[in-house]
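What follows is one structure encoded as structure tokens, with my remarks underneath.
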Amino acid sequence: MQTANLFKGNSMRRLFVSCCLLLAAFAARADIVDIDSAELAKLAAAGVPVIDIRTRPEWEETGIVPGSRLLTFFDERGRANPAAWLERAKEIARPGEPLVVICRSGNRTKALSQFLSQQRDTRRSTTPGNGIQAWAKEGRPMVSAAPALAACRAAKTC
């Protein structure tokens with residue numbers, strides 16, 4: 001009998017509605033999916049945008065995944081401008097579209113994916129767990145960053 005009266009109080013209704021809204025908010029957040037290099041290759045081949053968030057010296061040192069777009073998130077000093085990065089990223093992948101973000105070892109992409117899950121209407125942000133290091137270690141194809149750097153500098157999107 002007391003349970004029948006549980007939702008009669010105004011404060012209990014508010015609590016119930018608040019809990020429902022909180023659950024809905026968590027359900028609406030973007031998925032963050034960790035993948036391996038093989039899955040990265042499949043997604044890239046399927047046309048899912050790959051954004052390399054490393055710095056210019058890192059791109060030049062190792063090369064990049066073929067077809068990836070260059071868009072630094074953290075600069076050489078570890079600073080980030082998330083709002084500016086997000087605006088530039090919209091030119092690569094519209095809100096609501098899946099994308100892959102890659103860095104050297106996976107640490108920066110995890111931080112960025114958390115940011116995207118909170119700020120951007122992205123259904124799925126995918127991060128290769130061990131970054132470009134794992135890609136290179138497996139002997140997967142790499143290309144020089146020079147053409148991509150020239151293109152993003154001309155468009156002022158790096």
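The values are calculated or read from the model by the stated rules, or taken from the named source; none is laboratory data. Everything numeric in this text was worked out from a predicted model, so none of it was measured. A quick note on method: Cβ atoms are made from the backbone with ideal geometry, for glycine too, and the neighbour counts reach across all protein chains shown. Protein only, heavy atoms only, side chains kept; ligands, DNA and RNA dropped before computing areas. Shrake-Rupley method; radii C 1.70, N 1.55, O 1.52, S 1.80 Å.
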> Can you list the HN-Hα couplings for region 55-69, worked out from phi with the Karplus curve (6.51, -1.76, 1.60; θ = phi - 60°), rounded to whole Hz and with x for Gly and Pro?
Replying inline: 9, 3, x, 5, 4, 5, 5, 10, x, 9, 5, x, x, 6, 9
> Averaged per residue, what accessible area in Å² does region 69-158 show with a 1.4 Å probe, protein chains only?
Replying inline: 54 Å²
> Amide H neighbours of Ile51 under 5 Å, counting only residues 5+ apart in sequence or on other chains, H built in-plane at 1.01 Å?
Replying inline: Arg69, Val100, Val101, Ile102
> Counting Lys +1, Arg +1, Asp -1, Glu -1, what net charge surrounds Ala145 among other residues with beta carbon under 10 Å of its beta carbon?
Replying inline: -2
> Between Asp34 and residues 5 or more places away or on another chain, which pairs have amide H atoms under 5 Å apart, with H built 1.01 Å from N, and which residues are they?
Replying inline: Thr127
> Under a straight-distance cross-link criterion of Cα-Cα below 13 Å, which aspartates and glutamates are reachable from Lys156, leaving out those fewer than 8 residues away in the same chain?
Replying inline: Glu87, Glu91
>> Please list, by residue number, everything in region 77-115 whose backbone N is under 11 Å from a paramagnetic label point 7 Å out along Cα→Cβ of Ala46.
In response: 98-99
> Quick one: net charge of Gly63's neighbours, Cβ under 15 Å, K/R +1, D/E -1?
Replying inline: +1
